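Report on one structure; see the data block that follows.
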Amino acid sequence: MSLYSRPDVLSVRIQTPTSDRIVSRRVSGLTFRKVAGGGHADAQVHLNAPLASYPDLGPDCKLYVYDSAGRTVWEGYTNQPGMTYTDDGEGFDVNAQGIMTLASDAASPVLYRDTSYDSWSVSGAVTPSANASVGTFPDDAGATAGLGCMLLGFNPGQPLGSAAGKAAMTYTGPRADGQLFGAVQFVHDGGLSSSDYKMQVYMGPSDTFYNANLSTGAATLTGYYSTDYTVGSALAVILQHTGAATNVSTSSDTLWLGWLIKGILGTLLDADGTENAPARVDYLLAHEVVGDAVNRFLAGVVDVNRVSIDTGTSYQIDQLAYADPVRLQQIIDDLAVYEPDYTWEITPSGGNGLVGFAYRPWGTTPRYVISTKDGYQRTGSDADLCNRVVVSWADETGKPQSLTVSSSVPALGSRVRYADPVTLPDGQGSSANAQRVGEAVLAAASQPPRSATATIARRILDLQTGRMIEPYDIEPGYLVRVRETGDDLRLTEMSYSHDDLAAQLTLGDPVYDNDQIIAASLRGRRLIPLNSGGTYVAA
Amino acid sequence: MTTTYPRLALTASADSDADVLYEFNVDSDGFAGHDGVDFGAPEWSGQPDAVGGVDGYRTVAFTHWFAAGRADAYTELATLSRLLLRADGWLLVQMTEASEPRWFHTWRSTPASLSPDQVLIKGDGDLAGSWGISVSLKADPFLYGERVTLDTVTIANDPTAGTNPMSVVLDEIVGDAPVPLRITVDGLDDISRFESMLLTLTAAEEAVMPVLWDIGTGDGAEVGTDTGAPVSDSSYVGGSYREISFATEADMVSRLARSDPDTDPIEIPGIGSYRAILRVSFPDGDPSTTKFALQLKAAPTPLPAVTVVPAFSVGGTVWVDLGIASWPLGLPSTTDAGGPYGAIFEIYAARISGAASIIVDALLLIPDIDVVDSATSLLTLLPDVWSSDAVAVWDGDTESFWVLNPDGTAGYTSPSPLAGVFPVAIPGRTNVLTVVTQIGDGGSGDVITSSVDVTVSYLPRFLWPAP
């Protein structure tokens, strides 16, 4: 039905490079959908207009839906419209992608925190006498013996010229365009103490921020961008011979230097476009990642004055790096596993045409109040509640291992119920990872998933603004109180159809399958040998 | 030739002076007419109590008779058929000579069938016969009257002005159905370009005007952190203002409040929703380097904060839209709940960056739904390019914005983004038009001594022809 003729309905605006019109009178069949997280997802509308009237309607054109207060109810980009010339006349079937699609526009590798030795390779500047590889500290290394490291050295009997001879490994892992090394932390340990050899960390293009005599004994080295070094476009760890010409000893095997990676962090981009060091080297918090990602991936399309990021996240993320180009939406979706109580949205554009962004907790108090009379349907659950799971994996020798992880599920009482067994992917098997994955699987099976739908065709109470609002003004990403049952459910999706004059609400918690849980729990994690006993830990 | 009534005719537009394209009542032979007239009725789409239901098209049908020889009949039929096959048209209906004319806006639709039974041949050859044609037309839900143009009014850009303080009560709206307005605003040439302008129209049984809290001398405020004493200055609303310096606290805290419901609430005429706009000035040095966030707390919850980045470097004043709040919270409109209501609230402000202070001198609460029967708002980002001395026109019938030169010719402009619903007035209600000429933070200054001349016109909408 046309939107026209009454004051309390919506209006539709179509903006193309050559025209900018409100066309409520010419549209019919308006539907739109909004989701949490993301916000404005998609919309469909039929535009009754001569086919020649919108020759430039395409992906750079925008569709807006406003309510009578002038609030933007929906905003997005039109796809290439379907043109119809039927018995019903000429027109365009306009499908539009909501502005949340902006989170999927830009793609880039990006470094947040990387502890993987896969990201390192032998430097091209090493001398023929040198050796460099990913390995473990030698058995005589003391406290570090058997721990994984980048092991640098010179081959016995090889000649080393005066102040010549270099063994080095270079970081070749992911970084975004313009991103620097924000912070680094290593543990280094050498096989001998000598002023003829230097332990160096090189920061490209021109800074050796660490340069010390080779020494025995494990020591931690930490450096932050702009505090400890001023550049950071390249990173290498080096064993440099600086003494007089000599031949490497053939009688002792102590000329080695190991670098254990504790963390390599990228700089974080602020709203002004400046790369900054992270607050700490040990871990990142989700809101810090989101802050960087918004500035990095939404540059030029987001209004930095309308970016709102809640800083209350607490999960300590120790590994997050994307070697393949990644999009903002993927990053935030990945973070949802660590911070499941947060959601995000791209908010409508302001007068300057730039959109806003919000990353915020779901909250614990309901925003909307609905009734079971609103077509409320809560589906029954056939999900299995479980309090045990067996996690299997193959260790570094290929030997099968397993671990039984347990949890307390009050609804099961004393009953012991096993979830389907889980097998860790190749190369990621460790008791620590098994525990981590097992706990995640049991957490998902500890309470029945709650899901429901409701159809709102009347004004309902919005407790945040204290107003009775129209169905089309309902925003996903908040809790909905079902008055009769007292349930507070997450509003994950809202779909409005103007032909039905109603909003269809999808309520409940997201459900992840085991594959998703494993992938999320182990994302980017790689194993390094912890000690000579063959026990592995996630790096 | 005598005109008979009720008169039906196709005309070029909804205007008494418009060309008559086809007359259904008379012809040169003195015999023509119609019977079986059915004006139809608009079909309501949606549940009876649905939000946002709309009136659908109606069908107007009658049988048109005329007497003519074959040659004349051929001409008559061709003339009428060509008009019926047009994309749209106007069908004049006038019940008596004394009745005012009204028009159906008709649309191309399935023509009625023609039955040989309706053709009565009274003689041989080209002798006269009587011809009957069934006419069936789809039309807009309501009949239109001739365009009504209200007297031009001057709206002062000062909420304390004695006459039309940023709002005007429109003369009685003619018609039966809600009607989109054509609003012509003159005087915007004093306003900087790329400025947002808000038109809000509210309709209620009795006039519900925006509520002003005149901040400054005698404002009854509880002063919060870093908020100064009232300062007299005639260039501010009510002749005074308060400055917020952020000297000791830049974070979001309460700066100004009327928070005691027993002693100092702001009396508002009815419970429900109001759009709160705050007049803010940036007097210091170069405020464009400073960011502020403003927030209205309508106990117990605050509205989302609004970030303000002054776009000007030499000081300036704008109205900032803080959002729509409800007093009291969560209560739908019902007269049983009493009224008027003593609203309490707090103004929060933070300085995010920079060193500038701000001045606040007025908070205006524009009634929204719950308080009034209907509220429609349209926000316009005025184009940066247009003719000097141009007159801005917003037309709800065509959902268009354009500018006119003083001589009535089309003015030069670039596309102007519009957001919201074109203002719709409701007959039988008191309609109040509020004009905020500087809203947002993109312009260079709001001046209380300025004014705009506003002319409102519309095509009144009726359910039935005038008796």
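Applying 1/(1 + (r/R0)^6) with R0 = 30 Å to the Cβ-Cβ distance of B:E222 and A:S308 gives a FRET efficiency near 0.60. Its relative contact order, with pairs defined as Cα atoms under 8 Å and 6+ residues apart, puts region A:282-338 at 54 percent.
Report summary: the helix-based calculation at 222 nm, which adds -39500 (n - 2.57) for every DSSP H run with n ≥ 4 and divides by the residues of chain A, gives -2500 deg cm²/dmol. Shielding by partners for peptide B:391-399, expressed as the average number of C-beta atoms from other protein chains within 10 Å of each residue's C-beta, is 2.
Quick check for me: using +1 on Lys/Arg Cβ and -1 on Asp/Glu Cβ, what's the dipole size of the protein assembly as shown about its Cα centre, in debye to the nearest 20? Please report the intermediate quantities before stating the final value.
Working: 59 positive and 120 negative charges, 629 e Å.
So the dipole magnitude of the protein assembly as shown works out to roughly 3020 debye.
Using the Cα centre of chain A as the reference point, and only Cβ charges (+1 on K/R, -1 on D/E), how large is the resulting charge dipole? Debye, rounded to the nearest 20.
On the way: 37 positive and 58 negative charges, 135 e Å.
In total the dipole reaches around 640 debye.
Each of B:V454, B:Y341, B:L378 was scored by the projection of its Cα onto the charge dipole of chain B, and the greatest displacement toward the positive side belongs to B:L378; charges sit on the C-beta of Lys, Arg, Asp and Glu. So what is the relative contact order for region A:41-97, in percent, with contacts set as C-alpha pairs under 8 Å and at least six apart? Worked out over region A:41-97, it gives 44 percent.
Could you work out the mean count of beta carbons from other protein chains within 10 Å of each residue's beta carbon in B:420-429?
Values: counts 11, 14, 5, 2, 6, 1, 1, 0, 0, 0.
Across B:420-429, the average partner-chain Cβ count within 10 Å equals 4.
DSSP bridge analysis restricted to the protein assembly as shown gives an antiparallel fraction near 95%, rounded to the nearest 5.
Database remark: amide H of A:G38 closer than 5 angstrom to the amide H of A:W344, A:E345, A:I346 (H placed geometrically; neighbours at sequence offset of 5 or more, or on other chains; Pro and chain starts carry no H). Where the centre of each part is set by its Cα atoms, how far does region B:387-458 sit from region A:194-223, in angstrom? Between the Cα centre of region B:387-458 and that of region A:194-223, the gap is 69 Å. Candidates A:A445, A:Y225, A:I469 compared by Cα position along the dipole of the protein assembly as shown: farthest toward the positive end lies A:A445, with charges placed on Cβ. Enumerate the aspartates and glutamates that B:K138 could reach by cross-link, defined here as Cα to Cα under 19 Å, with residues fewer than 8 away along the same chain left out. Result set, ordered by chain and number: A:D87, A:D88, A:E90, B:E23, B:D35, B:D38, B:E43, B:D55, B:D88, B:D397. Approximating the spin labels as points 7 Å out from Cα along Cα→Cβ, the A:Q80-to-B:D38 distance works out to 4.7 nm.
Near the amide H of A:K262, within less than 5 Å, lie the amide hydrogens of A:Q185, A:F186, A:V187, all on another chain or at least 5 residues away, with H placed in the peptide plane.
Here the contact order of chain A, divided by its residue count and restricted to Cα pairs under 8 Å and six or more residues apart, works out to 14 percent.
Our note on the geometry: Cα centres of region A:154-171 and region A:234-252, 4 Å apart. Each part gets one Cα centre, and for region A:7-67 versus region A:78-140 those centres are 31 Å apart. In a simple Cβ point-charge model (Lys, Arg +1; Asp, Glu -1; nothing else charged), region B:346-452 has a dipole of about 140 debye relative to its Cα centre.
For chain B, take the longest principal axis of its alpha carbons; what is the angle in degrees between that and the long axis of helix B:70-84, to the nearest 10 within 0 to 90? Result, in degrees: 20.
Mind checking B:304-311 for the average number of partner chain beta-carbons within 10 Å of each residue's beta-carbon?
Values: counts 5, 2, 2, 8, 1, 5, 0, 2.
If you average over the peptide's residues, the count of other-chain Cβ atoms is 3.
Scaled to the globular estimate 2.2 N^0.38 Å, the Cα spread of region B:157-316, given as radius of gyration, is 1.21.
Dipole of the protein assembly as shown computed with +1 at Lys/Arg Cβ and -1 at Asp/Glu Cβ about the Cα centre; of A:Q377, A:V201, A:A183, farthest Cα towards the positive end is A:V201. In this structure, the amide hydrogen of B:Y57, modeled 1.01 Å from its nitrogen in the peptide plane, lies closer than 5 angstrom to those of B:E43, counting only residues at least 5 positions away or on a different chain.
Laboratory data are not the source of any read-out in this text; all were calculated from the coordinates shown. All figures in this text were calculated on a predicted structure; none of them were measured in a lab. With ideal geometry, Cβ positions are generated from the backbone for all residues, glycine too; neighbour counts draw on all protein chains shown.
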